[in-house]
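Below is one structure; the comments refer to it alone.
The values are calculated or read from the model by the stated rules, or taken from the named source; none is laboratory data. Since the model is a prediction, treat every value here as computed from it, not as a measurement. Using ideal geometry, Cβ is built from the backbone for each residue, glycine included, and neighbour counts are taken over all protein chains shown.
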Amino acid sequence: MPSDETLDADQAVIDRVLAGDRNAFGILIERYSDPLYRHAYGMTGSADVAEDILQVSFIKAYHHLAEVRGRFDAWVFRIVANGCKDWLKNIRRTHLSYEEDDQPSGFETPEEELDRGELRRDLDGALGALPDSLREAFVMKHVEGRSYEEMAVLLDATVGALKMRVHRAREALQKLLEERYA
């Protein structure tokens with residue numbers, strides 16, 4: 001979670017932009033691009049889509065900067081999260097899959113590598129089958145490593161509600177994967 005100093009710095013940058021220093025907005029982009037990209041990628045499973053959502057979100061944020069009330073990071077996070085949800089509503093979930101990472105697998109044989117790819121596809125499919133709110137909470141907690149308190153601020157929800165969403169997501173994933181591997 002950003003410090004009070006960072007929050008004050010954000011407001012100072014916003015004030016500069018609103019006073020006509022359009023280039024100052026780049027400071028906010030630089031400050032928040034990485035965590036917002038990780039969230040968009042975790043929600044969409046696509047680097048290209050995540051980049052597109054991020055770009056559109058920052059354009060929206062720039063055009064509506066005068067509407068920021070409170071924390072810029074939470075406000076812009078909601079713009080990105082809504083962009084992800086809109087994208088998820090408009091895709092065919094059967095085509096959703098994460099791009100393979102470039103890390104060496106560490107598996108000894110091609111068969112083990114094939115099993116790893118199949119497991120990853122099954123996990124991605126199960127994650128893609130979750131309702132958006134459960135998927136978002138699961139990704140924020142287990143992919144992004146956020147605390148429940150930080151999630152509560154960003155999603156404007158209670159810690160208890162978010163714990164329940166993560167719990168329900170885990171249960172749903174377990175059920176979906178048990179059906180596949182039973």
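Key figures for this structure:
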| quantity | calculated |
| --- | --- |
| First in region 154-182 and more than 28 Å from V68 (Cβ to Cβ), second anywhere and among the aromatic types (F, W, Y) and part of a helix (DSSP H, G or I), Cβ under 7 Å, 6 or more apart | K163/Y148; V166/F138; A169/F138 |
| Residue list for region 28-60, filter: among the charged types (D, E, K, R) and under 9 Å from the mean Cα position of the chain (by Cα) | R38 |
| Extreme residue, farthest from A74 (Cα to Cα), among residues of region 130-153 that are assigned to a helix (DSSP H, G or I) and without any contact (Cβ under 8 Å) to a residue 24 or more places away in the chain | Y148 |
| Tally of residues being surrounded by 15 or more Cβ atoms within 10 Å (Cβ to Cβ) and modelled with pLDDT of 85 or more across region 171-182 | 2 |
